[in-house]
Amino acid sequence: MSRLHSVKLPHYSGSAEQLTRELPVPEVVTISMAQHIGAPCDPLVSVGDRVLVGQKIGDTNAFMSAPVHSSVSGEVTEIKDVMNVGGRLCKTVTIKSDNRMEVSPEVKPPKIESREDFLKAVRESGAIGLGGAGFPTHVKLAYDRSKVNIEYLLLNGAECEPYITSDYRELMENTDAVIGGIKLILKWLEIPHAIIGIEADKPEAISKLMKLTAAFPEIEVKKLRSSYPQGAEKVLVHSLTGRVIEEGKLPSDVGCAVMNVSTAGFIHTYSRTGMPLVKRRITVDGNIVNSPCNFFVPIGTLLHSVVGFASLRKQPDKIIMGGPMMGMCAFDPDTPLGKTNNAVLLFAEAPKYEPSPCIRCGRCVRACAVNLMPTELEHAYDTRDAELLKKLKVGLCMNCGACSFVCPARRNLAEKNQLAKDFLRQQEAAQKGK
């Protein structure tokens with residue numbers, strides 16, 4: 001199998017060997033109705049309503065969606081539009097916690113006796129991709145078996161960004177649930193084989209998973225090279241199976257379904273308890289954090305609550321939600337954490353770079369895992385050349401940031417690629433509207 005291009009990143013994982021801690025119940029949560037890729041939910045509650053933990057508070061009839069549940073018990077105090085870190089307005093439900101954490105009577109283990117029951121349960125759980133993409137899990141699994149033949153369930157345990165260890169802690173602390181979730185998916189979707197991909201810099205997780213899956217020949221554990229972006233969907237599929245996902249295609253087009261290990265663990269836990277996705281594990285780390293760790297955080301917890309609970313040496317001047325390569329800078333301390341947030345990174349004295357002219361060194365081309373030419377894409381976008389952007393296959397860009405990372409001129413190549421993709425979408429929409 002040929003190797004894809006990659007880069008070596010600094011290895012920061014101070015929280016890796018720390019047991020996950022529970023964050024205290026927040027006084028207030030603000031829960032977005034847009035926790036996933038696809039259609040946002042409509043609120044099912046009104047101001048003044050009392051809600052309980054696990055109660056469904058948002059849903060929609062749209063297929064590409066997942067319901068939203070309350071992460072605390074308390075009173076709904078506000079329903080309003082809030083701008084998320086991506087700059088888009090989304091409706092939110094604010095709940096003042098009563099600190100009782102009373103569980104809703106709706107919470108009970110699902111009855112699963114068929115594939116349809118399983119898919120319904122996955123949807124009702126509110127499950128989405130916990131690796132950060134936020135794709136509704138039931139949509140990924142509800143493929144048409146008459147048209148699609150899934151041969152492999154691929155479990156993403158690569159976790160290749162610096163600092164983030166939330167998936168690693170899932171593998172170490174919730175191993176049985178991860179394996180149990182994999183077995184449920186294989187059983188009800190009749191997928192013959194599963195492969196768990198874990199980077200070589202996590203030897204304890206590899207050893208533990210290999211030992212516990214030895215009795216299950218349908219589940220294989222593969223050690224992956226420690227490189228970036230090893231955890232990207234297209235890269236993971238190639239690394240584990242040798243198959244290539246072409247532009248505009250999905251893993252299912254090459255016989256694969258890809259899932260984060262934390263998502264698999266959650267599905268198993270939900271099948272046993274009926275508690276929907278109301279909290280998640282996040283890594284708190286950065287160059288001013290005294291004690292890097294992972295916390296279980298109720299969905300909707302405001303960013304300042306997490307920052308206030310972290311042990312910091314000084315005030316941060318940059319807060320990143322997610323990893324340093326693909327995360328987004330928070331601009332508001334009242335930003336609510338959602339299902340897709342796997343880390344909060346806090347930095348002070350973060351370096352600032354001014355881009356300079358391209359020196360044509362070719363490092364960005366050698367770094368690109370999908371063999372794009374970032375400098376040419378930048379030029380095509382700057383000249384607003386839609387046809388050239390198509391020819392250069394900008395749609396393949398995964399926004400991994402490797403091109404910007406290696407650029408000695410500090411050019412914002414990854415940012416330009418995202419702007420280029422948005423520009424191309426606008427041009428195509430305009431053409432269809434004529």
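In segment 1-24, which residues are surrounded by fewer than 14 Cβ atoms within 10 Å (Cβ to Cβ), among the aliphatic types (A, V, I, L, M) and at pLDDT below 90?
Result: 1, single match.
If you scan segment 244-254, which residues turn out to be over 17 Å from residue 196 (Cβ atoms) and not hydroxyl-bearing (Ser, Thr, Tyr)?
Selection gives 244, 245, 246, 247, 248, 249, 250, 253, 254.
Quick check on this structure: which one of 64, 33 is within 21 Å of the chain's Cα centre (by Cα) and crowded, with 22+ Cβ neighbours inside 10 Å? Before you say what the answer is, go through the steps one by one.
Numbers: 64 fails: crowded, with 22+ Cβ neighbours inside 10 Å.
Selected residue: 33, the only one of 64, 33 that is within 21 Å of the chain's Cα centre (by Cα) and crowded, with 22+ Cβ neighbours inside 10 Å.
Conditions tested, residue by residue: (1) touching a Pro at 6+ places or on another chain (Cβ under 6 Å); (2) free of Cβ contacts under 8 Å to residues at least 60 places away in the same chain.
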| residue | (1), (2) |
| --- | --- |
| 96 | no, no |
| 110 | no, no |
| 114 | no, no |
| 121 | yes, no |
| 129 | no, no |
| 136 | no, no |
| 141 | no, no |
| 147 | no, yes |
| 184 | no, no |
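Here is a yes/no grid of residues against (1) buried (at least 21 other Cβ atoms within 10 Å of the Cβ); (2) in the same structural domain as residue 126 (by TED's automatic domain parsing); (3) among the acidic types (Asp, Glu):
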residue	(1), (2), (3)
137	yes, yes, no
141	yes, yes, no
145	no, yes, no
158	yes, yes, no
170	yes, yes, yes
183	no, yes, no
193	no, yes, no
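Could you tell me whether segment 390-401 includes any residue that is assigned to a helix (DSSP H, G or I), surrounded by fewer than 16 Cβ atoms within 10 Å (Cβ to Cβ) and either modelled with pLDDT of 95 or more or of a type in the set (Lys, Arg) (or both)?
Yes, some residue in segment 390-401 is assigned to a helix (DSSP H, G or I), surrounded by fewer than 16 Cβ atoms within 10 Å (Cβ to Cβ) and either modelled with pLDDT of 95 or more or of a type in the set (Lys, Arg) (or both).
What is the residue count in segment 322-370 for residues that are in contact with a helix residue (DSSP H, G or I) (Cβ under 9 Å, 6 or more places away or on another chain), closer than 19 Å to residue 287 by Cα and not in a loop (DSSP other than H, G, I, E, B)?
Here the count works out to 3.
Of (1) touching a Phe, Trp or Tyr at 6+ places or on another chain (Cβ under 6 Å); (2) in the same structural domain as residue 142 (by TED's automatic domain parsing); (3) buried (at least 24 other Cβ atoms within 10 Å of the Cβ), residue 252 satisfies all except one. Which?
Status for residue 252: all satisfied but (3).
Say we look at segment 339-366 and pick out the residues that are surrounded by fewer than 23 Cβ atoms within 10 Å (Cβ to Cβ) and among the small types (Gly, Ala, Ser); which of these is farthest from the chain's Cα centre (by Cα)?
356
Take the conditions surrounded by fewer than 18 Cβ atoms within 10 Å (Cβ to Cβ) and either under 23 Å from the mean Cα position of the chain (by Cα) or farther than 24 Å from residue 319 by Cα (or both) and apply them to residue 27. Does it pass?
On the way: surrounded by fewer than 18 Cβ atoms within 10 Å (Cβ to Cβ): yes; either under 23 Å from the mean Cα position of the chain (by Cα) or farther than 24 Å from residue 319 by Cα (or both): no.
Taking the combined requirement at face value, the residue does not satisfy it.
Being under 29 Å from residue 8 (Cβ atoms) and outside any loop (DSSP other than H, G, I, E, B) is the filter here; which residues of segment 186-204 pass it?
Here is the first cut: in segment 186-204, the ones under 29 Å from residue 8 (Cβ atoms) are 194-204.
Residues satisfying the conditions are 194, 195, 196, 197, 198, 199, 203, 204.
The values are calculated or read from the model by the stated rules, or taken from the named source; none is laboratory data. Because the structure is a prediction, the values reported are computed rather than measured. Backbone-built Cβ (ideal geometry, glycine too); neighbour counts: all protein chains shown.
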